[in-house]
Amino acid sequence: MFQGKEYVYEVYRERSFIKAAQNLFISQPSLSATVKRIEQQIGYPLFDRSTKPLGLTECGARYIRAVEQIMSVEHEFSNFVNDWGDLKTGSLILGGSSLFSSLVLPSLMGEFSRCFPLVKLTLVEESTARLEELLQQGSVNLVIDNHVPDPGLFEHAKFQEESLLLAVPESFAVNQRMGAYQLKLETIYDGSFLEDQIAAVPLEEFSQEPFIMLKPENDTRKRAVRLCQSRGFLPRTIFELDQQMTAYNITCSGMGISFVSSTLICRTPPNPGVVYYKLEGEISMRNIYFYWKKGRYLSRAMEEFLRIAASPAKSPNSLI
């Protein structure tokens with residue numbers, strides 16, 4: 001019914017089949033035939049051909065109003081697509097745990113907003129399990145986490161690598177005999193502690209000390225237990241928590257040992273009351289990923305955020 005509406009509208013604008021045909025670069029008989037075919041589809045004439053200049057019938061006037069509404073919607077959508085393609089509009093919903101939401105995402109969000117100030121950014125701070133549910137529901141676009149996502153459900157892009165470290169209150173007497181293994185903060189910031197000549201601490205030396213551990217489902221907890229088991233003991237747990245940041249803060253208070261990531265150490269102010277040690281093996285190494293629902297198209301905003309995240313990192317000691 002509205003296929004060929006531009007022909008009808010041009011006749012309406014010019015009030016003449018002859019002038020409209022000239023503007024459309026088609027013959028007048030061809031234009032008349034096209035309009036007649038549309039009128040037959042509708043079942044009523046659109047133009048009163050007895051008047052000069054050409055006038056509209058009541059049905060024709062309503063048809064023209066409908067065409068103008070259609071043209072307005074088409075124009076509005078065209079503008080949206082152009083703006084959306086240039087990221088002059090749109091939205092992006094990011095998700096992360098407490099650590100990533102407070103220490104990693106803000107700087108990336110700031111850079112993205114400087115580049116694309118008209119895109120609305122939303123940050124959702126939840127547990128890993130909850131964030132995966134939100135991804136599946138389509139309520140979140142991108143999630144950052146340090147566990148390996150299920151490839152059957154999610155696609156992912158590597159953000160960076162990180163290492164687990166042992167964080168021990170400086171007041172603990174065990175540190176006096178472990179001095180040769182203690183890491184300088186500069187080696188954590190620049191990653192040089194990973195070099196082969198830097199020895200991993202014999203973890204069994206801490207077997208009698210109190211530990212602050214994360215909940216069993218947490219990747220850090222799983223790796224920490226495996227590291228301890230490989231040295232013949234299970235950690236004596238005095239607190240079991242949800243968040244790595246909380247565990248580290250309790251270590252800073254002097255109450256117990258925690259397993260923390262190099263990401264956390266590099267992005268928080270140094271604490272003179274804590275001593276750090278390298279942990280051994282591949283268990284202590286992992287990747288940080290951005291991931292999204294499998295099969296979901298990557299919007300322009302998602303693509304640009306991932307591009308910014310993949311750009312060369314700033315100095316690790318700048319709380320990146």
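Bear in mind that the values in this text are calculations on the coordinates, not laboratory data. On a predicted model such as this, the values are computed, not experimentally measured, just so you know. Backbone-built Cβ (ideal geometry, glycine too); neighbour counts: all protein chains shown.
At q = 0.17, 0.30, 0.35 Å⁻¹, what log₁₀ I(q)/I(0) does the stretch 23-63 have when each alpha carbon counts as one equal point scatterer in the Debye sum? Debye curve over Cα of the stretch 23-63, log10 I(q)/I(0) at q = 0.17, 0.30, 0.35 Å⁻¹: -0.49, -1.07, -1.10. Please report the spacing between the Cα centers of the stretch 98-148 and the stretch 244-269 in Å, no decimals. Using only Cα atoms to place each centre, the spacing works out to 22 Å.
Extending 7 Å from Cα along the Cβ direction at ASN287 and again at GLN197 yields two label points whose distance is 3.0 nm.
Annotation: lysines with alpha-carbon distance below 27 angstrom to LYS222 (same-chain offsets under eight excluded): LYS158, LYS184, LYS278, LYS293, LYS294. Extension gain for the segment SER230 to VAL148, taken as residue separation times 0.36 nm less the Cα-Cα distance, is 27.3 nm to one decimal. Given the options VAL174, VAL35, VAL274, state which has the largest fluctuation in a GNM of the chain using a 10 Å cut-off (strictly under) for Cα springs. Most flexible of the set in this elastic network: VAL35. Along the chain, the longest continuous region that contains none of the GluC sites (Glu not before Pro) in a DSSP loop with at most 16 other C-beta atoms within 10 Å is 1-169. Measuring max minus min along each principal axis, the C-alpha atoms of the stretch 179-249 give extents of 32, 26, 19 Å (largest first).
The calculated FRET efficiency for the pair ALA66 and SER127, based on their C-beta separation and a Förster distance of 45 Å, comes to about 0.30. Tell me the label only: which of (i) 131; (ii) 179; (iii) 157 is volume of the Cα convex hull per residue in Å³ as calculated from this structure? Among (i) 131; (ii) 179; (iii) 157, the one calculated here is (ii). Computed about the Cα centre, the dipole magnitude for the chain is approximately 1100 debye when only Lys and Arg (+1) and Asp and Glu (-1) carry charge, each at its Cβ. Under Stokes-Einstein, with the Kirkwood radius over Cα pairs as Rh, the value for the stretch 115-168 at 37 °C and 0.692 mPa s is 242 µm²/s.
On the basis of the beta-carbon distance and an R0 of 25 Å, GLU76 and ILE26 show a calculated FRET efficiency of 0.30. Short-range pairs are left out: with C-alpha atoms under 8 Å and at least six residues apart, the relative contact order of the chain is 22 percent. Cα convex hull, the stretch 240-288: 96 Å³ per residue, rounded to a whole number. Top mean-square fluctuation among ARG300, ARG286, ARG177, Gaussian network model of the chain, C-alpha springs under 10 Å? Among ARG300, ARG286, ARG177, the largest GNM mean-square fluctuation belongs to ARG177. Scaling the Cα radius of gyration of the stretch 1-93 by the globular reference 2.2 N^0.38 Å produces a ratio of 1.36.
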